[in-house]
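Worksheet: the structure to be examined is printed underneath.
None of the figures in this text is laboratory data; all of them are computed from the coordinates on show. Note that this is a predicted model, so its numbers are computed, not measured. Neighbour counts run over all protein chains shown; Cβ positions are idealised from the backbone, glycine included.
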Amino acid sequence: MKRGWLVIGGLMAGCAAMPNRAQEVVRHQTMRLEGGAEATLRVDCPPGELGVSARHKTNGLFVVTESRSAEPGVWWVSFANPAHVPLIEEVSIRLTCK
């Protein structure tokens, strides 16, 4: 799958990373991906905490190709557009930190 540019532009207003209780961080993102493109989102735990798991949600247009801890307190989730046309989708990541 080819790497593509993550075209957010004016959609950034839909982006939010906010604490949800003491041990969870939730990130919502509206993404536009070209056909066959892939983009990676980063979610950070509060200082001094480590990411132990992540749940991700899409509306079915994009697929998750990778979800992993990158370094202490940081989690990466990669999304791909398997279609041959550009698509826009709202995705969310819920990172559990301890």
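Where Lys and Arg each count +1 and Asp and Glu each count -1, what net charge lies around W75 among other residues with Cβ under 15 Å from its Cβ?
On the way: positive: R27, R42, R55, K57, R68, R94, K98; negative: E24, D44, E49, E66, E71.
Local charge sum for W75: +2.
Within 13 Å, Cβ to Cβ, of K57, how many net charges do the neighbouring residues add up to if Lys/Arg are +1 and Asp/Glu are -1?
+1
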